[in-house]
Amino acid sequence: MQQRLDTRPDGGGDLVHRLPRVDDEVAVGVGPGHPQEGRAHPLVELQGLSLHPVTGVEPAQAVLGLQRVAVIDFDVHHGNGTEALFRGDDSVYFVSLHQWPFWPGSGGPGTSDETTLNVPLAAGSGDREYARAFSELVEPGVRAFEPDLLLVSAGFDAHEADPLASMEVTAAGYRELATRCSALAPRIAVVLEGGYNLETLPRLVEAALEGFTAA
Ligand SMILES: [Zn+2]
């Protein structure tokens, strides 16, 4: 499906742009990181990457006719840019799990609404806390929304060996989160977000891919 989502020349809709297909129902992309309402994550600027918000939502809706799109962002930072894009849009259900309080400071308690689910997690949270958040909040919320498509902002900076944040997710934990995501919608597309330990990142991505492609 991702080749048909490749519709926006400005890079703003390139969640699954230019990227190899994993199979018929999972597309994987590398995105520009943390969009922040028109500004960029400092690390993103450092890397010289695109400043455009990452989303495949518009092409998915316009080209594929997939009207109900859920976005799950498990990057360790709050997905404030994506939240700002779709706040008030009842065709998009946005979920962010993130360390809080932490940069950029948004997404704290009491900031959810009907189609925005912010899940602030305390520093030190690991596989158990993330799995519990999925069971108690994320899965019921997304299932009730009944999305046609799930887009995942897959950041790996909540890993226990990541230098930036203070979370304790393991490779097995990422495999589990990915497996749970893959069960939430008939189609799924994934974009790589944060992850700043370049020694561990490849195996974390590999573990997540195993989960996303699990039958
Ligand atoms: Zn991040």
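What follows draws every value from the coordinates through simple rules; no lab data is involved. Remember, predicted model here, so these are calculated numbers, not experimental data. Glycine also receives a Cβ, built like all others from the backbone with ideal geometry; neighbour counts cover every protein chain displayed.
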Please list, in chain and number order, the residues 5+ apart from residue 152 or on another chain whose amide H is under 5 Å from its amide H, with Hs placed from the backbone. 72, 189, 190, 191
log10 I(q)/I(0), Debye, Cα-only segment 80-215, no solvent, q = 0.09 Å⁻¹? -0.24
Packing-based ranking, highest mean first, of 133-140, 187-194, 81-88, 68-75 given that Cβ atoms within 10 Å are counted: 68-75, 187-194, 81-88, 133-140
Within 10 Å, Cβ to Cβ, of residue 97, how many net charges do the neighbouring residues add up to if Lys/Arg are +1 and Asp/Glu are -1? -3
